[in-house]
Amino acid sequence: MKHLDGWQPGQRAAGLDRLAGDGEPWDLVVVGGGITGAGVLREAARRGWRVLLVEQRDFAWGTSSRSARMIHGGLRYLTQGDLRLTREAVAERERLLREAPGLVDELPFLYPVRKGEFPGRRVFSSLLWFYDRFAGRSRHRFHSAEETAWLLPGLDEAGLQGAVGYVDAVTDDARLVMRLLAAARRDGGEAFNYLRAEGLQRGEDGVEGVELVDEVDGRRLTLEARCVVNATGAWADRLRDSVGGAPRLRPLKGSHLVVPAWRLPVFQALACRHPRDGRFVYLYPWAGRTVVGTTDFDYEGDLDEEPGISRAEVAYLLEAVHAQFPAAGIDEGDIVSTWSGIRPIVAKAGDDPARIAPSKASRDHVVFVEDGLVTVTGGKLTTFRLMANDVLRRAARRVGRAFAADHETPVFSPAPAHLPGLRFDNELPRRLGGTYGTAAVRLLAEAGAEEREPVPGTDTLWAELAWSARREAVVHLDDLLLRRSRVGLLLDDGGASLAERVEALCRRDLGWDALRWEEEWQRYRAIHAARYAVPHRDRPGEKQR
């Protein structure tokens, strides 16, 4: 299938023209451009299905650019007795580690064991026995108090008996989505951001298509589809409402802090109990910084507004830091940035959310089929492939195609063995290969010597920003600085000091004139200040249990 070429500057309108003029029904139209929708697109495209994904904002704009970045099996699910979910997640973690090194990487964890605290060494180690059994390899061990103090400099040593060490994995969630979309497009799938599903087309057989609105220029399109998949995460009840589905989602908000690594140096992740309520909180290295998270709030705010951290959450996370590293003196002035996401937690029919603490709510996914609309929601970043297979299994009869689960074919093609033209032989080639796959070769081939240099204060190359601007469907500046790259999260004030060079790049590669740049810069600065910085006052719409 020939691509509709909506990903390159100046070609979006032409791509939509061809989309509107194509009278052949789609096998699938997937609504939602996060990890779940991208997974469905990938699995359908590699099977040869005629499939299109539409996203009303940017790809990964919602939960899938605001998660904890963890690819993990979920020790918490073991404590809740959910062996199946843990087993599946561990297996998918191992698959991603094999297929996408440099994008999904092992991350060692330490759980400090203190006198009188639960769970102790024996209980925690028994959970890890199952964890290792599912992975097919033993990865946990116990460290003495002396070893723990050396591994985590500055850790409070009061009552410290040692630490249990184990291994999970970490990723860049937004880049994981982009690599899935790129792989799907190579197999014939199509994807457009800023294309909103305003309604569903109904017929004798139920849902038979979608009504779309382009958020860029307001044009309207109606497309026929043998099956429509609702993969909109926390927003899923909206489309379900149009086919009579009863509300089932419980939006939960999780927030994180980013601080400089030199102020809080952790070289492996720390899993610890919060002193106030016993919830697990994590401090871990990511992209050259230290991240602290996450919270768990019932969210009653407007889902159409970008979420941001509250002052209560800032205080809660800093309290966890102070309990573990009391001498570090970390305060609000050390925070480089924050991020918040809304998790799509599915409540069981008849459950009263008020009786179930957010941290106890199930993270498993569900698939509903209602009047032909297939909805998938809930779930974990790690298990996107399994979720996609469940969707295709339910959609296959309506599409008129055979479906068989395939656990052998890789999700991702291998990264290039060698990347020429890099000055330093370090982790950079591995990260570029993992992030962009085979496209990393072309990314570097198109880059001049100056573009192979990193953006100051990060390990992101200027060439990556240029590549994204030219080839990754960037519509707004926040797409480029907050999701295609993480420059806006890693630098003080969202990277304001880089404005002049970023402007030159955007005017060259996106074709923006001075007026468009100024509009985009002011828009980005407002978003960053309101949603990614420490707030000056509490935000409405959330309460902590």
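The values are calculated or read from the model by the stated rules, or taken from the named source; none is laboratory data. Since we're looking at a predicted model, the values are computed, not measured. Positions of Cβ are generated from backbone atoms using ideal geometry, with glycine treated the same way; all protein chains shown enter the neighbour counts. Remember, those area values only see protein heavy atoms, side chains included, never the ligands or the DNA or RNA. Shrake-Rupley method; radii C 1.70, N 1.55, O 1.52, S 1.80 Å.
Here's the yes/no breakdown for (1) modelled with pLDDT of 95 or more; (2) touching a strand residue (DSSP E or B) at 6+ places or on another chain (Cβ under 6 Å); (3) of a type in the set (Gly, Ala, Ser):
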{"residue": "Ala396", "(1), (2), (3)": "yes, no, yes"}
{"residue": "His407", "(1), (2), (3)": "no, no, no"}
{"residue": "Pro414", "(1), (2), (3)": "no, no, no"}
{"residue": "Leu422", "(1), (2), (3)": "no, no, no"}
{"residue": "Leu432", "(1), (2), (3)": "yes, no, no"}
| message | Go through the range 46-76 and report how many residues are hydroxyl-bearing (Ser, Thr, Tyr) and in a loop (DSSP other than H, G, I, E, B). | response | 1
| note | All conditions in (1) of a type in the set (S, T, N, Q); (2) buried (at least 21 other Cβ atoms within 10 Å of the Cβ); (3) in contact with a helix residue (DSSP H, G or I) (Cβ under 7 Å, 6 or more places away or on another chain) are true of Gln161 except (2)
| request: Filter the range 247-284 for residues that are free of Cβ contacts under 8 Å to residues at least 40 places away in the same chain and within 21 Å of Pro344 (Cα to Cα) and give the result. | output: Pro247, Val281
| said: Could you check the range 183-199 and list, in sequence order, the residues that are crowded, with 22+ Cβ neighbours inside 10 Å and among the small types (Gly, Ala, Ser)? | reply: Ala184, Gly189, Ala191, Ala197
| note | Of Arg139, Arg95, the only residue that is basic (Lys, Arg), open to solvent by less than 50 Å² (accessible area, probe 1.4 Å) and either within 30 Å of Leu176 (Cα to Cα) or modelled with pLDDT of 95 or more (or both) is Arg95
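Working carefully through the options Gly329, Gly301, Gly288, Gly293, find the one that is over 30 Å from Arg397 (Cα atoms), open to solvent by 10 Å² or more (accessible area, probe 1.4 Å) and in contact with a Ser or Thr (Cβ under 9 Å, 6 or more places away or on another chain).
Criteria check complete, one pass: Gly288.
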| query | Considering the range 483-520 alone, what residues qualify as being of a type outside the set (A, V, I, L, M, F, W, C), part of a helix (DSSP H, G or I) and touching a helix residue (DSSP H, G or I) at 6+ places or on another chain (Cβ under 7 Å)? | reply | Arg483, Arg484, Gly488, Gly494, Gly495, Glu503, Arg507, Asp509, Glu520
| query | Is it the case that the range 471-482 has a residue that's in a helix (DSSP H, G or I), open to solvent by 10 Å² or more (accessible area, probe 1.4 Å) and farther than 22 Å from Asp173 by Cα? | reply | no
| Arg66 being more than 25 Å from the chain's Cα centre (by Cα) and of a type outside the set (Gly, Ala, Ser) | no
| field | Sole exception among (1) open to solvent by less than 10 Å² (accessible area, probe 1.4 Å); (2) on the phi > 0 side of the Ramachandran plot for Ala169, by number | value | (2)
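Quick one: would you say Phe124 is of a type in the set (A, V, I, L, M, F, W, C), farther than 30 Å from Val210 by Cα and in a strand (DSSP E or B)?
Against the criterion (of a type in the set (A, V, I, L, M, F, W, C), farther than 30 Å from Val210 by Cα and in a strand (DSSP E or B)), Phe124 does not qualify.
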| task | Residues being surrounded by 16 or more Cβ atoms within 10 Å (Cβ to Cβ), out of contact with any strand residue (DSSP E or B) (no Cβ under 8 Å at 6 or more places or on another chain) and assigned to a helix (DSSP H, G or I): count how many of those fall in the range 19-45. | result | 4
| remark: Checked against (1) crowded, with 19+ Cβ neighbours inside 10 Å; (2) in contact with a Ser or Thr (Cβ under 8 Å, 6 or more places away or on another chain); (3) at pLDDT below 95, Val90 satisfies every condition except (2)
| Is at least one residue of the range 111-133 β-branched (Val, Ile, Thr), farther than 30 Å from Leu4 by Cβ and without any contact (Cβ under 8 Å) to a residue 24 or more places away in the chain? | yes
| message | Just to verify a result, which residue in the range 200-258, among those that are closer than 15 Å to Phe368 by Cβ, outside any helix (DSSP H, G or I) and aliphatic (A, V, I, L, M), is most open to solvent (accessible area, probe 1.4 Å)? | response | Ala246
| field | Close pairs (8 angstrom Cβ cut-off, 6 or more residues apart or separate chains): within 19 Å of Ser65 (Cβ to Cβ) in the range 327-340, modelled with pLDDT under 95 and assigned to a helix (DSSP H, G or I) anywhere | value | Val336/Asp492
| task | Name the single residue, out of those in the range 366-413 being among the small types (Gly, Ala, Ser) and in a loop (DSSP other than H, G, I, E, B), that is least open to solvent (accessible area, probe 1.4 Å). | result | Gly372
